[in-house]
Amino acid sequence: MAAPSSTPRWQQRSRPGCSLAAGAARPRRAVAAAARGGGSSIEVNLQRLASDAGWLPPRACGPVEIRQLPGRGRGLVATADVAPGQLLFVSEPLGAVRRGALGEQLRPTDLLAHWREQAAPLSAADRAKLSLLHRPGGPPPPAATLRDLSAAKAAAKARKAGARGFGAAAVAGPTAPDDDALAAVVATNAYADDRTDGALTVCRGEAQASTVGVWPEYSLVNHGCAPNTAAPVLVGDRLLLRAAVAVPAGSELVTSYLGPAGGLPRAARQALLRAGYGFDCSCTRCRAEAAAPAEVAATLDAMHEWVGGQPDPAALLELMADGGEAARRTVAETAAAAAELLARLDAQLEESVAEPVLRCWLRAGAFATAALAARAGEYARGERDPGAASRLAELVRVFAPASEEHLLLLSDGAVRAAEAAAAGGAPAAPEDGTELRVQQLVRVRRGYRGAAAPRRRAAAQGRTAPRLPAPARAERARPRPRAQALALRYGEPRELELLTRLAGALTEAFPHHWLGLVDLTGHMGLAQLQAAAGAATATGGGGDAPRPPPPRKCAEVCLELLAAEAVALFGAKQSGPAAPAALQAVGFRVGRQLAERYSRDKPRLGDTLEVIKFVCKDFWLAVFKKQVDNLKTNHRGIYVLQDNSFRWLLRVAPAAALPDGARGEFLAAAALPYLELPCGIIRGALTHLGINCTVEADARALPSCSFTIKITS
């Protein structure tokens with residue numbers, strides 16, 4: 001992604017009534033104009049994109065251009081009024097994209113390694129185009145237009161250079177970045193997602209995968225905490241971006257660099273942007289929230305700190321599935337505390353914030369608390385809240401409009417509304433029924449004549465068309481949020497069947513969800529929730545619904561056996577200190593990956609003690625299913641973590657035949673090899689978080705053990 005000091009824009013003009021559909025028959029001149037950013041309105045053949053796995057839309061640019069913006073560097077600006085759902089561009093990657101397993105967190109370094117390992121390395125033309133993008137710490141990039149990023153122009157330059165005998169290297173010219181500069185450009189401008197678009201992937205019969213690449217058009221879009229563009233759509237190696245709201249001509253187009261973390265308070269968002277991209281955000285939302293009353297900001301920061309100390313979604317689910325009195329009491333206390341914080345925030349907003357938009361933005365900063373209150377509150381009350389998913393969707397719409405998480409929440413809200421209406425004896429409003437027309441939701445730019453068109457046709461034929469009653473007309477014209485978000489993400493399907501198919505494919509692409517998502521980072525099984533609710537029912541919650549089958553999970557004993565086999569394998573292959581070192585090396589790699597996974601959505605940790613506390617609480621709970629029992633320090637770089645019931649030592653058999661004096665020494669010596677892997681995990685996690693250290697373990701009274709961390713720098 002480009003830093004805000006260098007994010008460019010594109011240039012195009014739209015002619016009224018002109019539409020270019022990628023994949024449809026078009027004049028050659030029109031295709032070339034769209035590819036180079038000629039200014040025409042563009043659209044893809046959604047029917048073909050969703051059904052033909054062998055076809056991808058060509059590169060095309062809509063009414064956008066690159067401009068220099070005061071105080072923000074380059075950026076993309078709309079050259080004409082842009083309607084919600086209008087396609088802004090179809091971007092092709094520079095070089096090849098790097099794919100991984102679904103859910104894998106790929107990084108720019110993975111992309112660079114992929115380019116080096118390829119049989120066909122990065123071309124000189126692609127290197128030249130990369131030189132047009134922002135490089136932190138380097139000279140300002142040269143002036144460029146969208147046409148300069150066109151593959152057609154690069155190919156033409158290559159042909160001309162070859163004809164003159166200079167070869168492909170002449171295309172790059174003196175501006176082609178060297179390897180170090182290339183790494184800096186890729187680190188700043190690469191975009192990664194842990195999954196391709198779920199609905200389109202299912203419709204095309206493809207497998208979802210994680211992807212990282214450099215899409216030059218998207219890398220030129222600046223950041224905003226309340227983006228006016230929809231979440232990007234990745235299908236194949238193409239990236240499609242649409243407008244999320246109406247954008248007037250001359251306005252900047254912005255996207256969110258934060259993803260799920262856009263639902264954090266302003267201070268936490270600024271810390272993440274400062275750490276990851278090196279700038280302080282001055283977007284419209286941040287400026288407005290900075291002027292909000294101090295007590296509102298204090299409440300939001302308190303909420304953020306409080307949520308950080310609560311169980312994560314997986315731990316909360318385990319508490320619900322436990323069904324015991326202590327677990328139910330913990331969940332109920334969590335729900336009550338979250339509801340109290342939300343009530344305090346609402347009271348402050350009602351009293352001191354008059355602007356509805358600012359209220360919505362500030363509430364979005366409390367998304368994590370609202371989601372926790374909804375989940376824990378439903379379990380504590382023993383009944384579903386029909387409006388919970390819809391309220392959360394309104395918050396997600398602020399920072400991730402038309403994202404898959406947004407659609408999942410809207411889908412869940414529609415189901416809940418239908419269930420509530422059916423339970424009350426009232427017919428549910430049609431969500432995707434025959435009455436629904438996407439053209440009524442996202443005012444279509446092409447050929448839409450409104451609801452009065454049938455009456456005009458009837459008048460021309462000398463007859464009277466029946467007019468619906470006023471309530472029916474109002475209901476018919478009422479926006480359907482789920483269909484609206486689908487249209488914002490995928491465009492305006494001409495056939496209702498295609499819209500319905502996309503909605504069904506989205507549900508199929510993701511497992512059943514509870515309130516649509518798990519903090520925007522994973523998916524929580526509905527079967528697990530129902531099992532937890534069933535446990536509550538068995539203890540007096542009421543209800544006669546049959547319990548679903550228990551969730552399919554990997555038993556924890558598998559991990560314990562894997563750790564034991566690793567100790568046996570390295571002990572048999574190596575002798576002396578080589579075996580513990582090899583085990584620690586394996587744990588070190590695992591710890592780094594786990595720390596990256598569990599800290600990615602958290603604000604940047606401060607001093608060493610804060611990092612150690614994160615390891616003792618969040619990290620230990622995620623890896624070892626409990627928190628550290630005691631933490632001691634001499635405030636001179638030594639920390640001792642005490643776990644009174646370390647789970648990986650629970651199955652170490654006692655040496656009953658030994659005398660009492662020798663038994664403890666034998667157990668301690670026998671347990672130490674099983675602690676080398678955890679030592680490596682702890683050291684790897686701390687290294688990823690910026691702390692170099694050594695870790696030693698001690699086990700004198702099993703299953704209790706301690707880990708001594710010594711800071712080395």
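Some observations on this one:
- Working ranking of peptides 402-410, 83-91 by packing, defined as the average number of other Cβ atoms within 10 Å per residue, highest first, is 402-410, 83-91.
- Each of ALA302 and THR708 was given a label point 7 Å from its Cα along the Cα-to-Cβ line. The distance between the two points is 4.2 nm.
- For a modelled paramagnetic label at ALA183, 7 Å from Cα along Cα-to-Cβ, the residues of the stretch 200-239 in reach, with backbone nitrogen under 19 Å, are 213-214.
- Rolling a 1.4 Å probe over the protein heavy atoms of the stretch 59-145, with every protein chain left in place, gives an accessible area that is 54 percent carbon and sulfur.
- Once both labels are positioned 7 Å from their Cα atoms along Cα-to-Cβ, the gap between ALA670 and GLU206 label points is 5.5 nm.
- Inter-site label distance for GLU325 and GLN642 at 7 Å from Cα along Cβ, in nm: 2.9 nm
- The fraction of accessible area contributed by carbon and sulfur in the stretch 251-300 is 54 percent, rounded to a whole number (1.4 Å probe; ligands and nucleic acids excluded).
- Extension gain for GLU104-GLU383 works out to 96.9 nm (0.36 nm per residue, less the C-alpha to C-alpha distance).
- Hypothetical label at GLN627: residues of the stretch 295-310 whose amide nitrogen lies under 15 Å (7 Å Cα-Cβ projection): 305-310
- Candidates ALA244, CYS281, GLY259 compared by Cα position along the dipole of the stretch 232-329: farthest toward the positive end lies ALA244, with charges placed on Cβ.
The values are calculated or read from the model by the stated rules, or taken from the named source; none is laboratory data. Keep in mind that this is a model prediction, so the values were computed, not measured. Note that we place each Cβ from the backbone using ideal geometry, even for glycine, and neighbour counts take in every protein chain shown. Note: areas computed on protein heavy atoms with side chains; ligands, DNA, RNA excluded. Shrake-Rupley method; radii C 1.70, N 1.55, O 1.52, S 1.80 Å.
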